[in-house]
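The values are calculated or read from the model by the stated rules, or taken from the named source; none is laboratory data. Treat the numbers as computed from the prediction; the structure is a model and nothing was measured. Don't worry about glycine lacking a Cβ; one is built from the backbone with ideal geometry, like all the others, and counts go over all protein chains shown. Just the protein is used for accessible areas: all its heavy atoms, side chains included, with ligands, DNA and RNA removed. Shrake-Rupley method; radii C 1.70, N 1.55, O 1.52, S 1.80 Å.
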Amino acid sequence: MPPTLSADTLLSRAKSAARAGDVVGAVMAYLAVRERFPSNRQVGEGLAVLRPKLADLLAAAQAAQAQGAWGEAERQLVAAFALAPEGTQIGTALAACRLEMGRAPAALRAAVAVLARAPGDPAALNLKGRALREMGQAAAAEESLRAALGHPETEARTLNNLGLLARARGDRAAAADYFRRALVLTPADAGLHRNLAYAITYTADEPHLAEMRERLAALGPETAEAVPLHFALFKALDDLGQRQQAFSHLQTGNRLEKARLGYDFQTDALPYALSRALFKSVPEPVAVKTPASPRPVFVTGLPRSGTTLVERILSRAEGVQPCGELTVVQLAVGEMLREIMGREVRQITAADIASLRARLLEELAEYSDGSPVMIDKMPLDFRWIGYLCAALPEARIVHVARDPMAVAWSIYRLSFVGQGNAFAYDIGDIARFMVLHRDLMAHWRGLYPDRIFDLDYARLVETPDPATRDLAEAVGLDWSEDWLTPERAEVQALTASADQVRRPIYRGSDAGWRAYEAELAPLRAALQRVGLI
């Protein structure tokens with residue numbers, strides 16, 4: 001609600017919403033008053049009157065979560081937690097919901113609120129640790145997670161989270177130890193088996209392979225629950241050079257995951273069409289009164305195109321904070337698009353761009369450690385480049401391009417965690433998505449030819465000196481010899497590239513698909529049909 005409204009007006013709206021049965025609206029109005037007037041007596045009385053509606057709010061939140069409507073679930077949980085701030089399970093549910101949405105700072109606030117009432121709550125400590133990890137605060141994340149150890153009901157979860165954190169910092173041995181300890185407690189957890197698979201290199205005497213096969217037989221190889229095991233078995237058998245068996249598991253895992261997700265290509269195609277319609281021409285530039293601080297650099301491209309390596313290279317410059325893959329842009333633009341679609345006249349206005357700028361700067365700042373430059377390497381932000389150019393004229397935008405066959409294979413071979421990559425589990429869907437990417441990038445370049453720096457991955461790894469010098473100039477940073485040693489960067493890597501990027505810059509990764517050249521003939525044919533190779 002607008003901050004200029006008086007307390008009396010907000011209280012009147014809260015009471016009207018309550019009478020109309022809009023419990024969430026009423027609670028939000030009361031909270032708006034409390035934010036400005038913390039000791040307002042009428043707020044406490046109004047919330048107490050609404051307390052009997054708590055069960056309804058929780059039921060609505062659960063229903064929204066079941067449908068994947070995380071934004072609506074968050075609204076219901078915020079209202080429920082306001083009515084029952086002593087409800088630690090409500091607070092942890094809110095924190096978990098916000099993590100699912102990619103809103104780590106908001107999740108951290110919810111977890112901290114729980115811990116203020118229940119110090120030592122292991123679920124809240126886990127959620128706090130996860131939020132801090134997503135915000136790049138690895139040491140604080142580990143401290144929170146270690147404080148959660150020793151509670152049987154959450155021990156396996158805590159060990160898993162510590163394992164993920166260890167792998168992010170490059171300590172595969174520690175990660176594997178955490179995952180093995182967690183599997184002792186929950187041997188049926190297929191996700192844990194997958195995590196362990198990516199933390200070790202398999203040899204003929206590694207017992208985990210037999211354990212996974214035993215678990216797969218117990219689950220049934222055609223069940224949705226078996227998907228992580230199929231990807232894990234692909235990794236294990238690929239390590240052992242058993243290509244035919246490995247690829248069979250990969251095909252099955254991808255097929256089952258696509259069926260589970262129910263992916264419809266139009267869910268990706270429609271937003272692209274909308275963006276092209278809204279950006280038929282360059283919109284009126286936003287008036288910049290105060291330059292962004294920190295100044296953002298966005299590293300974009302297809303998933304698995306090399307954005308993690310580029311982030312590590314950039315992090316070698318002075319005054320640069322690598323932030324990993326943030327969801328700030330996606331959430332802000334998505335909300336703006338939903339608002340525009342609800343209008344009679346569907347067009348983007350100067351007010352929309354100004355509002356988007358304000359939100360982006362506010363939410364990016366929540367991740368900042370005070371460095372003058374921050375890197376957001378969310379690959380799929382290529383979808384929103386036009387919006388970024390319009391709202392943040394001081395931002396620099398890098399687009400990484402890599403060999404299409406190498407990218408497609410790298411996408412197909414991975415089980416992605418989180419949302420946004422549902423196209424990744426079918427060869428035809430991958431090819432169609434790559435066409436969307438190609439065509440949208442051509443559109444953005446036509447509108448903003450001087451704002452997008454295209455970085456060729458092959459040139460980067462073959463001739464890193466001139467390539468990184470060009471990159472430095474494009475993003476407005478000072479180049480040094482340190483840019484040639486990204487493996488020395490003290491940066492956590494939460495993506496599947498966690499191991500590769502800790503090696504010196506090397507050639508040859510684009511040819512990795514040739515080990516499965518015969519099996520990937522359909523993929524190559526699909527890319528040829530759409531003109532990508």
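Of all the helices (runs of 4 or more DSSP H) wholly in region 408-517, which have at least 2 residues that are without any contact (Cβ under 8 Å) to a residue 40 or more places away in the chain and either of a type in the set (D, E) or closer than 23 Å to D381 by Cβ (or both)?
Hits in region 408-517: 427-447, 464-475.
From the list D482, D499, pick out the single residue that is of a type outside the set (K, R), under 30 Å from D369 (Cα atoms) and modelled with pLDDT of 90 or more.
Only one candidate qualifies: D482.
Would you pick out the residues in region 244-264 that are open to solvent by less than 40 Å² (accessible area, probe 1.4 Å) and in contact (Cβ under 8 Å) with a residue 24 or more places away in the chain?
Listed by number, the residues that qualify are F247, L250, T252, G253, N254, L256, E257, Y263.
Do you know which of the residues in region 341-356 that are touching a residue at least 40 places away in the same chain (Cβ under 8 Å), in a helix (DSSP H, G or I) and open to solvent by less than 60 Å² (accessible area, probe 1.4 Å) is farthest from L477 (Cα to Cα)?
Here the answer is A350.
Take the residues in region 357-408 that are open to solvent by 40 Å² or more (accessible area, probe 1.4 Å) and of a type in the set (K, R); name whichever of them is farthest from T307 (Cα to Cα).
R359
Based on this model, can you work out whether G241 counts as over 26 Å from the mean Cα position of the chain (by Cα) and either free of Cβ contacts under 8 Å to residues at least 24 places away in the same chain or open to solvent by less than 60 Å² (accessible area, probe 1.4 Å) (or both)?
yes
Enumerate the pairs (first residue in region 272-300 and within 13 Å of Y387 (Cβ to Cβ); second residue anywhere and open to solvent by 40 Å² or more (accessible area, probe 1.4 Å)) with beta-carbon separation below 6 Å, excluding pairs fewer than 6 apart on the same chain, so at least 6 apart or on different chains.
Partner pairs satisfying both residue conditions: V286/A354.
Being assigned to a strand (DSSP E or B) and open to solvent by 20 Å² or more (accessible area, probe 1.4 Å) is the filter here, so list the residues in region 285-299 that pass it.
R295
Could you identify the single residue in K280, K289 that is over 30 Å from E473 (Cβ atoms) and at pLDDT below 95?
Matching residue, one of K280, K289: K280.
Is it fair to say G25 is more than 30 Å from R260 (Cβ to Cβ), part of a helix (DSSP H, G or I) and open to solvent by less than 20 Å² (accessible area, probe 1.4 Å)?
When the stated conditions are applied, G25 passes them.
From V227, V282, grab the single residue that is open to solvent by 20 Å² or more (accessible area, probe 1.4 Å) and among the β-branched types (V, I, T).
V282
Name, by its number, the condition in (1) without any contact (Cβ under 8 Å) to a residue 24 or more places away in the chain; (2) part of a helix (DSSP H, G or I) that does not hold for R312.
So the condition that R312 fails would be (1).
Do we find that N160 is polar (S, T, N, Q), assigned to a helix (DSSP H, G or I) and over 29 Å from F81 (Cβ atoms) in this structure?
no
Test each condition in (1) modelled with pLDDT of 95 or more; (2) of a type outside the set (S, T, Y); (3) more than 21 Å from L5 (Cβ to Cβ) for L50 and report the one that comes out false.
(3)
Six or more apart or on different chains, Cβ atoms under 6 Å: show the pairs whose first residue is in region 97-124 and within 13 Å of F81 (Cα to Cα) and open to solvent by 10 Å² or more (accessible area, probe 1.4 Å) and whose second is in a helix (DSSP H, G or I) and not basic (K, R).
Between residues of region 97-124 that are within 13 Å of F81 (Cα to Cα) and open to solvent by 10 Å² or more (accessible area, probe 1.4 Å) and residues that are in a helix (DSSP H, G or I) and not basic (K, R), the close pairs are A113/G91.
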